[in-house]
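First up is the structure itself, then whatever we jot down about it.
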Amino acid sequence: MFAGRIADFKGPLRDFRPDRMPDGDGLSRPLPDWIDDALRTAGEAAAADTWPQIRAFDYREYGINGNRSRFETLYFRRRLMLNDLVLAEWAEGSGRFLDAIIDGLILICEESGWQLPAHNAYERGGKRHSLPDPDDPVIDLFAAETAAILATTLHLLRAKLDAIDPAVVPRVEQEIDRRIFKPYLVRHFWWMGQGDERMNNWTAWITQNVLLSAFTLPTSLPLRRAILPKALQSLDAFLKDYAEDGACEEGVVYYRHAGLCLFGAMAILDQVAPDLVAPLWQEPKIRNIAEFICHMHVGGDYYFNFADSSAVVPPCGVREFLFGQAVQSQSLMDLAASHIERDANRLMPSEWNLWYRLQAVLWAPDILKRKVTAPARSDHCFPGIGLAIARDEHFALAVKGGHNGESHNHNDVGSVILYKDAKPLLIDVGVETYTAKTFSPRRYEIWTMQSAYHNLPTFDGVMQCDGDHFRAGGMEVRFEPEIAEIALEIAGAYRAEARLRRYRRTVRLLRGRAVEIHDQYDGDRPATLSLMTLAEPEIEGSLIRLGQLADIRVEGAGAISVEPLDIVDPRLQQSWPERIYRLLVPFGGSALTLSII
């Protein structure tokens, strides 16, 4: 889609301006007082703060015990402080933040490596080194992100920095060239794409930030001409792994680093080479990628959260709105505008990408002037990943087919997520704070990754297995005015030890009335269905009461039991209370039916 257009492109390559206003100009009119105040307050807090010290042990700790959060807290704090200082100086223009900005720029330039310890390897899945090699940089997600932050800073404040010390800007540009541009052109990193190798969010995310750096800095035309075709090839490698339906198999959290970064890359190219990109905005696949988040949204901050996604994620914002505008999606613009209106953090104070924050500052005032329309809700099917979503005025239901070899996979083929009145009823727990174990061969020892902790059956303790050959089959989806029905075969997701010949799951939304889950199986081991719930269940024979939210009537079960699960992980605590519950519903025979009202 992208690389094929470069041969016919003869036009000039323009500079990219990350501070371009909605009217196409730079900051030529005052910002609203509420934005000025917010930026100034954050800048003053950063100026009064102490820059975090990062020791060699902090970097090495990942290799010692697998902890990545302590280093990353220090690393990202530096970048957030720099962003706060830069935005305050850019908005105020007084010069009082410049000394602190120079401290931050040089401190980051002095880091031995910009890549995270978890990513300090030269091959996909290769050996991770305990410390970065300053002479052999790794371009990972956050090395490229760091370059984008620094390039945006120079774009906004170049003249002021030169006036204080003419050595600062050349030093920053030298580090970006050494750590990003040179290795980008002479090395092949896996995320660049090669043949049929599957890509993920890394490809779009890093490519966006390399393009931003190359076209925001006053780099040479030959350098830009060399980077451009390689970036376009990477974007094609990213797109090849998306079905035409636009579904992100990595889930809603990674939509913002995958689909939205594809948009970011295209938005940059739209400025620097408009004739190259303009026709692609109307491609159905690009629009479908944009609208994925609309279908996954349930209500408030809740989303259907398969894969490594949390159920509660930050509201949509300016980036989603601009993507919707670019592809002419009214539903995405409506969703984003409604979220921006209610979001107290619409200026993205916790975002480390400075360009994203600039977009929020520049566009939020205009978006807030719009008349907000409630986004439309409808049934939807994503055949590419085997995901079906059905809704009525009370229930929002998602059924996951697909396979267990997806990026950021959980063993969850056939699982169901159900909300009633936008409140969680049957949940996907999500993912704990990332550690070395999360992306190791021991990933599926983590309970949240296991099928036994999804709304799925086990067979005498035998769970689903990981790998793309463990998959659903025969998925059938039917959406009608009175009923939505999703049926699929999930026996193929279990290893041979399950001794399972057939397991057919049928989920029906009887619109305006109830949800039914009917499971029929043929196997040699006893089956027990797990149901993950937020409300503490009360068991009255074959009736399960989930507080005031819903009742589940069960047919065909043995004695039902409840297992409380304490939530102690900080990432899980962002979505759930201190305790959730796992219902264990044993089959009394070969069939089990749940009626949820």
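Do we have residue 305 as in contact with a Gly (Cβ under 9 Å, 6 or more places away or on another chain) and either within 25 Å of residue 90 (Cβ to Cβ) or in contact (Cβ under 8 Å) with a residue 60 or more places away in the chain (or both) here?
On the way: in contact with a Gly (Cβ under 9 Å, 6 or more places away or on another chain): yes; either within 25 Å of residue 90 (Cβ to Cβ) or in contact (Cβ under 8 Å) with a residue 60 or more places away in the chain (or both): yes.
Against the criterion (in contact with a Gly (Cβ under 9 Å, 6 or more places away or on another chain) and either within 25 Å of residue 90 (Cβ to Cβ) or in contact (Cβ under 8 Å) with a residue 60 or more places away in the chain (or both)), residue 305 qualifies.
Residues considered: 530, 561, 575. Of these, the only one that is touching a His at 6+ places or on another chain (Cβ under 8 Å) and modelled with pLDDT of 95 or more is 530. Of all the listed residues (234, 309), the sole one being in a helix (DSSP H, G or I), of a type in the set (S, T, N, Q) and touching a helix residue (DSSP H, G or I) at 6+ places or on another chain (Cβ under 7 Å) is 234. Of the strands (runs of 3 or more DSSP E) entirely within the range 352-461, those holding at least 3 residues that are among the hydrophobic types (A, V, I, L, M, F, W, C) occupy 387-391, 395-400, 416-420.
Candidates 378, 407: the one that is surrounded by fewer than 23 Cβ atoms within 10 Å (Cβ to Cβ) and either modelled with pLDDT of 95 or more or under 30 Å from residue 439 (Cα atoms) (or both) is 407. Within the range 564-597, the residues that satisfy the criterion of being in a strand (DSSP E or B), closer than 19 Å to residue 456 by Cβ and out of contact with any Ser or Thr (no Cβ under 9 Å at 6 or more places or on another chain) are 565, 591, 592, 593, 594, 595, 596. So for the range 63-70 (the condition being within 17 Å of residue 150 (Cα to Cα), surrounded by fewer than 18 Cβ atoms within 10 Å (Cβ to Cβ), of a type outside the set (D, E, K, R) and within 29 Å of the chain's Cα centre (by Cα)), does at least one residue qualify? Looking for residues that are within 17 Å of residue 150 (Cα to Cα), surrounded by fewer than 18 Cβ atoms within 10 Å (Cβ to Cβ), of a type outside the set (D, E, K, R) and within 29 Å of the chain's Cα centre (by Cα), one finds none in the range 63-70, hence no.
Table: residues versus (1) within 15 Å of residue 354 (Cα to Cα); (2) aliphatic (A, V, I, L, M); (3) assigned by TED's automatic domain parsing to the domain that holds residue 439.
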site: 7; (1), (2), (3): no, yes, no
site: 13; (1), (2), (3): no, yes, no
site: 36; (1), (2), (3): no, no, no
site: 40; (1), (2), (3): no, no, no
site: 67; (1), (2), (3): no, no, no
site: 79; (1), (2), (3): yes, no, no
site: 85; (1), (2), (3): yes, yes, no
site: 92; (1), (2), (3): no, no, no
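Looking at the range 134-153, which of the residues that are in a helix (DSSP H, G or I) and in contact with a Pro (Cβ under 9 Å, 6 or more places away or on another chain) is surrounded by the most Cβ atoms within 10 Å (Cβ to Cβ)? Full working, then the answer.
The first filter runs over the range 134-153 and keeps only residues in a helix (DSSP H, G or I), leaving 141-153.
Subsequent filtering for residues that are in contact with a Pro (Cβ under 9 Å, 6 or more places away or on another chain) retains 143, 148, 151-152.
Working: 143: 25, 148: 28, 151: 26, 152: 26.
The residue in question is 148.
What are the residues in the range 104-133 that are part of a loop (DSSP other than H, G, I, E, B) and either within 22 Å of the chain's Cα centre (by Cα) or crowded, with 19+ Cβ neighbours inside 10 Å (or both), if any? Before you say what the answer is, go through the steps one by one.
First, the residues of the range 104-133 that are part of a loop (DSSP other than H, G, I, E, B): 110-116, 120-133.
113, 114, 115, 116, 120, 124, 125, 132, listed by residue number.
The values are calculated or read from the model by the stated rules, or taken from the named source; none is laboratory data. Small disclaimer: the values here were computed from a predicted structure and weren't measured. Because the Cβ atoms are built from the backbone with ideal geometry, glycine has one as well, and the counts that use them run over all protein chains shown.
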